[in-house]
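One structure is given here, and the rest of the page talks about it.
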Amino acid sequence: MQITPDLSRLLNELETLASFSDAPAPAVTRVVFSAQDLAARAYVQKLFSAAALELRTDAVGNTFARWAGTDPNVPAVATGSHTDAVPHAGRYDGTVGVLGGLEAIRALQRSGFRPRRSIELLTFTSEEPTRFGIGCLGSRLLSGTLSPESARQLKDSDGKSLEEALRQAGLDGSLENVRLANQFYHGFVELHIEQGPLLERKGIPIGIVTAIAAPATLRVRIEGSGGHAGAVLMPDRRDAFLAAAEIALAVESVAKATRSADSVATTGVCNVFPGAVNSIPSRAVLEIDVRDTDLARRDVMLSAIRAACEAIGVKRQVRVEVELINADAPAQASPLITEALSASCQALGIEFMSMVSRAYHDSLFLSRIAPTGMIFIPCRNGVSHRPDEYASPEDIKRGVQVLASALAQLAQ
Ligand code: HGY
Ligand code: MN
Ligand code: MN
């Protein structure tokens, strides 16, 4: 079967999708349920309908675009990713999996292929943690990893609840109906940029993901006493930001102390209050991202960071409260998927390598309810979550070809 993606059409669609942004090009900022995110959702759904896919949206805004198979009574095969983007990101993270998945389906349609199993293209809500502090919100609910009750507790930095944001986005269904049964899908495959340098460094065009690292997020609230920057003498200060700074440095030391390259920890958010140059910070809030491919090592880092928070709080006489936002197990790819992917690469004569994903993805949660795997394509200099993120047309095309071939195998 000859699968020929329409590359120029796909590149134009990626270009148009990138224009829905709250940051000037080449940066992309598209925070979940912002006006730009809603416009982007409407745009991709229009493309899904134009491909004669049956559309459905669930209560948290996950969308499902289905190409009905000849046998509606067997579980479908699924693919997909996300269209939301962290602030000042690039244009390929997530979108290659959504629009590349659409083009894989269109290429199969054009080839005359008729799937026995339906093929469903998913767009997940809020893969990025930007607004509600937790990543993969849509796929967590869909896989039962996050309960509707816990989701309803989520608020954004303006104090707006998830439910309020859903209502404003025109989504008024019950979160209880989002959960999909285990084995709802026969298999799930996500196409994504690597967000790292390995494929480019090795000159290999396709990565077949074997495992996805175990992510965790902490929120640390620090309460000092604040006061006048001129009047309060140094010995009398309980400066919340300086405690936060020490904690951030401790986070770095903890990750380095494991001596494993797979241990990473990042203090990506630091908010200081009241944020006046002549006021001693009375409060600070940190958000810390901790990951490792090895669960036990990841949990050792979490404990060490908690211990450092406590010690620094005592030393600096500030109140430190550590909240665990999420601590997820790693995911293993399913042989059903990895074998379909390697067979596709061999049939297409495309070199591939097996590798771990250090970034998390919606696949991490789909793996809880269905055999799951991922295809990686290179990104220039391994850069992602930056405006200079770039995937070449040839690499995107190969990713779509491998995806289309694997979907066809799995949907037979
Ligand atoms: O943070 C991640 O790994 C993903 O890009 N959201
Ligand atoms: Mn991302
Ligand atoms: Mn992503």
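Observations, loosely collected:
- Across the chain, the mean sequence separation of Cα contacts (distance under 8 Å, 6 or more residues apart), normalised by length, yields a relative contact order of 23 percent.
- For segment 215-327, alpha-carbon Rg and Dmax in angstrom: 14.8, 49
- Around the amide H of V28, modelled in the peptide plane, lie the amide H atoms of H88, A89, G90, all under 5 Å away and 5 or more residues distant in sequence or on another chain.
- Once the Cα atoms are used to define both axes, helix 95-111 deviates from the longest principal axis of the chain by about 0 degrees.
- The per residue volume of the convex hull around the alpha-carbon atoms of the chain is 136 Å³.
- Candidate lysines for bridging to K160, where Cα separation is under 30 Å - those fewer than 8 sequence places away on the same chain excluded: K46
- Summed residue charge, Cβ within 11 Å of M355's Cβ, Lys/Arg positive, Asp/Glu negative: +1
- Overall form of segment 1-141: oblate. Here a/c, set by the Cα gyration tensor axes a ≥ b ≥ c, is 1.5 or more, and a/b is not larger than b/c.
- Expressed as a whole percent, the accessible area of segment 215-327 that falls on carbon and sulfur atoms is 55 (1.4 Å probe).
- Cβ-defined net charge surrounding A229, 15 Å radius [Lys, Arg +1; Asp, Glu -1]: 0
- Ranked packing of 177-186, 351-360, most packed first, by mean Cβ within 10 Å: 351-360, 177-186
- The charge dipole of the chain, taken about its Cα centre with unit charges on the Cβ atoms of Lys, Arg (+1), Asp and Glu (-1) only, comes to about 180 debye.
- In this simple spin-label approximation, T70 and Q346 carry label points 7 Å from Cα along the Cα→Cβ vector, and these lie 2.6 nm apart.
- The sum of -39500 (n - 2.57) across all DSSP H runs of n ≥ 4, divided by the residue count of the chain, sets its helix-only mean residue ellipticity at 222 nm to -11000 deg cm²/dmol.
- Net charge in the neighbourhood of D37 (other residues with Cβ under 12 Å of its Cβ; Lys, Arg +1, Asp, Glu -1) is -1.
- Between helix 240-257 and the chain there is an angle of about 50 degrees, using the helix long axis and the longest principal axis of the Cα atoms.
- Between R306 and R152, the simple label model (points 7 Å from Cα in the Cβ direction) yields a spacing of 2.8 nm.
- Pairwise label distance in nanometres, A50 with R110, each label 7 Å out on the Cα-Cβ vector: 1.3 nm
- Evaluated at q = 0.13, 0.15, 0.22 Å⁻¹, the base-10 log of the normalised Debye intensity for segment 270-388, with identical point scatterers placed on the Cα atoms, takes the values -0.77, -0.91, -1.30.
- To the nearest ten degrees, helix 295-316 and the longest principal axis of the Cα atoms of the chain are 20 degrees apart.
- A simple charge model with +1 on the Cβ of Lys and Arg, -1 on the Cβ of Asp and Glu and nothing else charged puts the dipole of segment 193-262 at about 120 debye relative to its Cα centre.
- In terms of packing, defined here as the mean over residues of other Cβ atoms within 10 angstrom, the peptides 52-59, 139-146 line up highest first as 139-146, 52-59.
- The mean sequence distance of close C-alpha pairs (under 8 Å, at least 6 residues apart), as a share of the length of segment 215-327, puts its relative contact order at 44 percent.
- Where Rh is the Kirkwood radius over Cα pairs, Rg/Rh for segment 170-213: 1.19
- Reach of K202 by Cα under 27 Å, taken over lysines that are not fewer than 8 positions away in the same chain: K256, K397
The values are calculated or read from the model by the stated rules, or taken from the named source; none is laboratory data. Here the structure is a predicted model, which is why all the values come from computation and not from measurement. Heads up, the Cβs are rebuilt from the backbone with ideal geometry, glycines too, and the neighbour counts pull from every protein chain shown. Just so you know, the surface numbers come from the protein's heavy atoms only, side chains and all, with ligands and any DNA or RNA stripped out. Shrake-Rupley method; radii C 1.70, N 1.55, O 1.52, S 1.80 Å.
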